[in-house]
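Written out below as structure tokens is the structure these notes cover.
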Amino acid sequence: MSLQTHLAGWDQQRLRHGITLRLLEQIPEDKLTSRPIAQMRTPVELVVHFYSGVRIFAESVPAGRLGEFDEAAAVASIRTKKQLLDFVKEQWAAGNAAATKVTEKQLESTVTTPWGEFPGAAMIGFLYTEYVHHRGQLYAYLRVMGIEPVMMWDFEHNAAEFQPK
């Protein structure tokens, strides 16, 4: 993956993040720790999982190794929607800072993970895959809760910093 391709893909991720912020606003506060779908994560568990992934996968590329994150501790610390949104914004800011400063050489370099070694570009690909499929779970959760989620590609209604350039 070239740096130009990476940055274009990251811009698409920026747009997805804007939609996801709006999607998170739709989750009722009293449902944050519910199990809308049996035997699946709660909304807080799910969001902590995939947004910590945004940060640790993006940061792994310049670091050359995948960092660790205590999901259980983060989940235990989140009790309100504001806390969840603050967590998401922190993880996004860190992941975005790392992803937008990645070099071509880092994209080609090896990243060591618990499950093997991969090029930095593959780690960005893993980030996208994890993010998109878990965001889809949030859409399913909202529908099960009887809520019509925001349109998946309605970028024009994102906050200004997450609209198309």
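A few notes on this one:
- The gain in end-to-end length when the ALA8 to MET40 segment is fully stretched comes to 8.3 nm, 0.36 nm per residue minus the alpha carbon separation.
- Here's the picture: charge each Lys and Arg Cβ at +1 and each Asp and Glu Cβ at -1 in the chain, and of PHE57, TRP92, GLY116 the one pushed furthest to the positive end of that dipole is TRP92.
- Between region 25-55 and region 97-165, the alpha-carbon centres lie 16 Å apart.
- Length-normalised contact order for region 1-153 - Cα pairs under 8 Å, 6+ apart - percent: 33 percent
- In this label model, ARG79 and GLU148 are separated by 3.5 nm, measuring between points 7 Å along each Cα→Cβ vector.
- From its DSSP helices (H runs of at least four residues, each -39,500 (n - 2.57)), the chain gives a residue-normalised ellipticity at 222 nm of -20500 deg cm²/dmol.
- Given in Å, the Rg to one decimal and the Dmax to the nearest whole number for the Cα atoms of the chain are 15.9, 47.
- Longest segment of the chain lacking chymotrypsin sites (Phe, Trp or Tyr not before Pro) that sit in a DSSP loop with at most 13 other Cβ atoms within 10 Å: 1-114
- Loop-located trypsin sites (Lys or Arg not before Pro) in region 1-85, at most 16 other Cβ atoms within 10 Å (DSSP): ARG79
- Classified by the C-alpha gyration tensor, region 63-121 has an oblate form. Its axis ratio a/c, with a ≥ b ≥ c, is 1.5 or above, and a/b does not exceed b/c.
Read-outs: derived from the displayed coordinates by stated rules, not from any lab. Just so it is clear, the structure is predicted and the values come from calculations on it, not from any experiment. Reconstructed Cβ throughout: ideal geometry from the backbone, glycine too, with neighbour counts over all protein chains shown.
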